[in-house]
Amino acid sequence: MMTTKENILSPIGKEGVGPNEFGYYGTFGGAFIPEMLYPNVDQLKTRYLEIMSEASFQKEFRDLLKDYVGRPTPLFFAERLSKQFNTQIFLKREDLCHTGAHKINNTVGQILLAQRLGKKRIIAETGAGQHGVATATVCALKGMECVVYMGEVDIERQAPNVARMKMLGATVVPAKSGSRTLKDATNEAIRAWINEPVDTHYIIGSVVGPHPYPDMVARFQSVISEEMRWQLKEKTGSELPTHVIACVGGGSNAAGAFYHYINEPSVKLVAVEAAGFGVNSGMSAATTQLGRAGILHGSKSLVMQTEDGQVVEPHSISAGLDYPGIGPMHAHLYESGRGTFLNVTDEDALQAAFDLAKLEGIIPALESAHAFSALKQMTLNEKDKVVICLSGRGDKDLATYMKAMRV
Ligand SMILES: Cc1ncc(COP(=O)(O)O)c(C=O)c1O
């Protein structure tokens with residue numbers, strides 16, 4: 001049954017979209033974890049669907065999304081942008097969520113789950129800092145201890161979010177290995193979880209990690225396309241767009257925006273990866289173009305790696321897309337051909353951010369700017385209805401925008 005705005009206590013997620021019982025989407029997924037984490041991951045795997053379907057959980061989750069996060073987020077018809085591309089473009093305004101990005105949909109869900117599992121302490125990784133802020137926020141809300149791991153490079157380029165996390169009471173621990181970005185922060189978080197598994201829940205920020213994380217996070221984020229369906233119906237008479245476009249780091253905003261359209265073959269699902277300096281420059285994060293099957297952070301997916309399986313250091317101007325893998329759901333969308341994967345360079349993403357600011361009065365996060373730039377690579381006409389997931393706002397990226405010297 002399709003969820004409507006009147007029917008807010010419907011299940012979170014639905015059958016037929018997620019992985020099989022072992023956590024596989026096609027050949028991707030699974031749970032590859034060190035022995036020390038078996039009890040935690042096993043408990044989560046056994047309990048997550050049962051807890052998420054409890055009426056009291058659904059009520060608390062939906063109430064918080066409404067009154068704390070500010071959902072439903074608007075679906076905005078972008079008139080001037082539409083004119084420029086001679087089509088109809090709608091923006092799903094996740095930038096208007098409390099804390100400024102879609103990440104909080106997932107952290108609200110996971111903190112409620114952690115409470116029901118009797119956990120006392122939360123750890124998280126973060127790249128752009130949005131997931132770290134969203135985690136620190138729900139920890140403050142629920143009075144839980146919070147430790148966030150973040151690469152040293154990202155601590156510098158996303159400084160406002162580091163200050164926000166600290167103000168919210170979180171401890172921010174720098175990750176100093178590798179490229180000192182999201183991959184390395186995730187490594188540190190997993191290491192910390194192994195050292196202190198009892199009473200600790202790891203709130204993973206994207207549709208990555210061992211099963212059941214990709215499915216659990218996708219279900220929490222599926223509220224994005226759940227709303228898109230009735231909002232589009234109200235605005236256009238049909239729940240179905242022709243295209244949904246979203247940027248992909250690990251893939252959580254894309255998973256949420258695609259979720260309720262995966263089984264609608266007429267809807268093109270367009271995922272946009274970060275090309276960095278260019279796909280073949282050696283400084284890129286376009287995983288589907290450069291990766292092959294491998295295991296990263298607990299699941300089998302496409303991973304950028306050398307001949308002998310060493311993970312290749314990625315590069316993107318946007319900290320949230322600067323990751324050498326993608327979630328297994330997206331690897332499957334890519335391999336099965338259900339998803340169209342494009343990529344956008346640092347330079348083009350910057351330009352798209354400046355263009356959107358002037359055309360629509362909206363400064364997007366650098367991650368989201370990649371999704372906007374993809375419009376230039378697509379053939380669209382005036383009958384098309386395109387929804388772009390505007391995953392976050394650009395406040396955190398002002399230093400980068402100022403350096404780009406276009407203002
Ligand atoms: C605003 C924004 N969009 C997108 C992303 C990428 O993450 P995901 O692919 O999980 O949506 C991030 C990650 O930090 C982000 O902050």
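The values are calculated or read from the model by the stated rules, or taken from the named source; none is laboratory data. The model shown is predicted, which means the values in this text are computed figures rather than measured ones. Because the Cβ atoms are built from the backbone with ideal geometry, glycine has one as well, and the counts that use them run over all protein chains shown.
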Point to revise | Matching residues, region 322-352, being without any contact (Cβ under 8 Å) to a residue 40 or more places away in the chain and part of a loop (DSSP other than H, G, I, E, B) | key: Gly337
Practice item. Could you check, for region 140-148, whether at least one of its residues is surrounded by fewer than 24 Cβ atoms within 10 Å (Cβ to Cβ) and without any contact (Cβ under 8 Å) to a residue 12 or more places away in the chain? Key: yes
Practice item. Only one of these is over 15 Å from the mean Cα position of the chain (by Cα), more than 19 Å from Cys139 (Cβ to Cβ), crowded, with 18+ Cβ neighbours inside 10 Å and not assigned by TED's automatic domain parsing to the domain that holds Ser316: Arg164, Arg180. Name it. Key: Arg180
Check your understanding: Do we have any residue at all in region 227-242 that's of a type in the set (S, T, N, Q) and assigned by TED's automatic domain parsing to the domain that holds Ser53?
Key -> no
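Can Glu367 be described as closer than 19 Å to Gly249 by Cα, of a type in the set (D, E, K, R) and either away from the ligand (no atom under 16 Å from the Cβ) or assigned by TED's automatic domain parsing to the domain that holds Gly294 (or both)?
The answer is yes for Glu367.
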Point to revise | Residue satisfying all of: in region 223-253; part of a loop (DSSP other than H, G, I, E, B) and surrounded by fewer than 21 Cβ atoms within 10 Å (Cβ to Cβ); farthest from the ligand (Cβ to nearest atom) among these | key: Gly237
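Restricted to region 53-79, and to residues that are assigned to a helix (DSSP H, G or I) and acidic (Asp, Glu), which residue is nearest to Arg116 (Cα to Cα)?
Glu60
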Revision key, fill the gap. Being under 30 Å from Tyr38 (Cβ atoms), free of Cβ contacts under 8 Å to residues at least 60 places away in the same chain and small (Gly, Ala, Ser) narrows Ala189, Ala170, Ala218, Ala163 down to just Ala170
Check your understanding: Any idea which of Thr46, Thr73, Thr99 is modelled with pLDDT of 95 or more and surrounded by fewer than 14 Cβ atoms within 10 Å (Cβ to Cβ)?
Key -> Thr46
Check your understanding: Does at least one position in region 376-385 carry a residue that is crowded, with 22+ Cβ neighbours inside 10 Å, in contact with a Phe, Trp or Tyr (Cβ under 8 Å, 6 or more places away or on another chain) and in the same structural domain as Pro314 (by TED's automatic domain parsing)?
Key -> no
Check your understanding: Picking from Lys385, Lys396, Lys376, which residue would you name as being away from the ligand (no atom under 16 Å from the Cβ) and either within 19 Å of Ser301 (Cβ to Cβ) or out of contact with any strand residue (DSSP E or B) (no Cβ under 7 Å at 6 or more places or on another chain) (or both)?
Key -> Lys376
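Does Thr186 satisfy being more than 16 Å from the ligand (Cβ to nearest atom) and at pLDDT 95 or above?
In short, no.
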Exercise for review: State whether one or more residues within region 294-305 are within 19 Å of the chain's Cα centre (by Cα), in a loop (DSSP other than H, G, I, E, B), touching a residue at least 24 places away in the same chain (Cβ under 8 Å) and within 16 Å of the ligand (Cβ to nearest atom).
Suggested key: yes
